[in-house]
Amino acid sequence: MLYRNPVIPGFYPDPSICRAGEDYYLVTSSFEYFPGVPVFHSRDLVDWELVGHCLSRPEQLPLQGARASGGIFAPTIRYHQGRFYMVTTNVTGGGHFYVSTDDPAGQWSDPIWVKTEGFGIDPSLLFDDDGTCYFTSTGRGGLTQFPIDIATGRALGPERQVWQGSGGSFPEAPHLYKINGLYYQMLAEGGTERGHMVTMARSETPWGPWEPCPHNPILSHRSRGRSIQSTGHADLIEAHDGSWWLVFLATRPYGPYPLFHNLGRETNIAPVVWVDGWPVVGSGGLAEAEAEAPAFATAVRQRWDEPTLDRFAEGPLPLYWNWLRNPHPEDYSLSERPGWLRLRGSAVTLNALDSPAWLGRRQQHQEMSASVTLEFVPEREGDEAGLSVLMNNRHHYEVFVTLRAGVRVAQARRTIGSMVVTSELVALPDGPVTLCIEAESPASMGPGGHGEGEPVYRLGVQTEGGLRVLDTPEMRYIATEVAGGFTGAYLGMYATGNGAVCAQPADFTSFSYARRAGGSSDGSAN
Ligand code: 6LW
């Protein structure tokens, strides 16, 4: 049975994995989004169900004023003596901390902070057989490590330098493992762009001397014409059947040359075999877009490729919905009007480093359709509510309902850095409005990007005469290569009074999302 990478598509970077018996748990970075650090569960390493978040309470995750791609950087998850630990960094404030739980799908503890000598990211834990817990991260002067008291986070020894990598730029993402009595240090190097790679060294002690792997990098797609690029930031796991696997981030760039990516860095897996005490990843250090599933997988389902329809019945929202920074609870209600998600537009806009009345889910496929149906009666020209595709506060497109010259209209807008462009206006009759955003790549393009045309979003409104497309902005101008940062595109419902509070709430009754077949979303060809 074949599985397809990415196993978790869309903005789910810096994956880390642990195993409890035959259950696998995986976490990823979440930056300025709330709740933080999504937790996935799988029993076959291929189909990953989102079961919770490690950081679901604002007290665990202060994000006030977080810049785009601030907040929560790379997490590591480990399982030790019946308890799960997740260690990460809040770069917006506080630095390194960990939380723990007996039930990864439930609530996690309050943070325990770990103080280091300098600023660092990418913390990791190893629970050694003698009970020592090693904390490893980037820090002042490179990769640093020290033993900690897991009950308090207190250092039990001085910070010491460990393996600094094979000479690539940005040595980071350290994970220390003990395998067959040897200590292995795995790093990412080369920066999280096209030169990204995974490297490894081993030692008889946790402190070195380090023997680098003779075939470093153990994984890299730099300078390779593959559909999956930027492979790196990895974590290693021994499955319950004795097979070994690597989880790692990668991107799927596309478009005419030079390629770009807008879905963020995604979670992938590759098989690992051991040769002479060194891991060999995938096909001799290259990961396949399609590969043989673990022998213990009984069926291959990849749920993230299935369409979703949200009807906003009262009760908890599906876990894939996120807020920007710490949401203002007064902006949201599922109970005031049963069957509708009510957004009360505040003064905060999508451009602010604050939390607008916005609820978003990741765009997970290069070709997709998203649509919302809403009721909204704008009373001022500043009042607007609609559907956005958002990369960050300075790069987003939206289609929305607003008031112009006393008439309720639909309009589209592009915000690309300091450039803001609005579309023509379409007058709307009274009643519910359906807005949609579709992502479309010209069929001729192919994954290598050597065809004609440019991938675009179609921003439209349903009218009596059918879909009226208001704008078709290029995907490229909100892609990571333009927008910067570490995140990926979100599709979000929002409302704002643009500097004032909206007089009327915006009520959303459905949100649908579906991958469109036939596109280059499959990561098909290498
Ligand atoms: C992360 C670093 C990296 O902390 O990107 O790809 C940073 N690797 O290890 C942000 O995700």
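Could you check, for the stretch 148-156, whether at least one of its residues is among the small types (G, A, S), farther than 18 Å from M186 by Cβ and in a strand (DSSP E or B)? Looking through the stretch 148-156, at least one residue is among the small types (G, A, S), farther than 18 Å from M186 by Cβ and in a strand (DSSP E or B).
Among the residues of the stretch 261-303, count how many are at pLDDT below 95 and hydrophobic (A, V, I, L, M, F, W, C). Residues meeting the conditions: 2. All of Y490, Y477, Y513 fail the test of being crowded, with 23+ Cβ neighbours inside 10 Å and more than 16 Å from the ligand (Cβ to nearest atom), apart from Y490. Within the set V281, V348, the sole residue that is in contact (Cβ under 8 Å) with a residue 24 or more places away in the chain, buried (at least 19 other Cβ atoms within 10 Å of the Cβ) and in a loop (DSSP other than H, G, I, E, B) turns out to be V348.
Away from the ligand (no atom under 16 Å from the Cβ) and assigned to a strand (DSSP E or B) - does that describe any residue in the stretch 169-176? No - not one qualifying residue is present in the stretch 169-176. Scanning the stretch 94-141 for residues that are away from the ligand (no atom under 16 Å from the Cβ), of a type in the set (G, A, S) and touching a Gly at 6+ places or on another chain (Cβ under 9 Å) yields A105, G106, G141. Filter the stretch 151-162 for residues that are touching a Lys or Arg at 6+ places or on another chain (Cβ under 9 Å) and not acidic (D, E); which is nearest to the ligand (Cβ to nearest atom)? Taking the candidates together, the pick is G153. Of the conditions (1) under 27 Å from E22 (Cα atoms); (2) open to solvent by 20 Å² or more (accessible area, probe 1.4 Å), V247 clears all except one; give me its number. The one condition V247 does not meet is (2).
The values are calculated or read from the model by the stated rules, or taken from the named source; none is laboratory data. It should be emphasised that the depicted structure is a prediction, and the values quoted were computed from it without experimental measurement. Backbone-built Cβ (ideal geometry, glycine too); neighbour counts: all protein chains shown. In case anyone asks, the SASA skips ligands and DNA or RNA and just uses the protein heavy atoms, side chains included. Shrake-Rupley method; radii C 1.70, N 1.55, O 1.52, S 1.80 Å.
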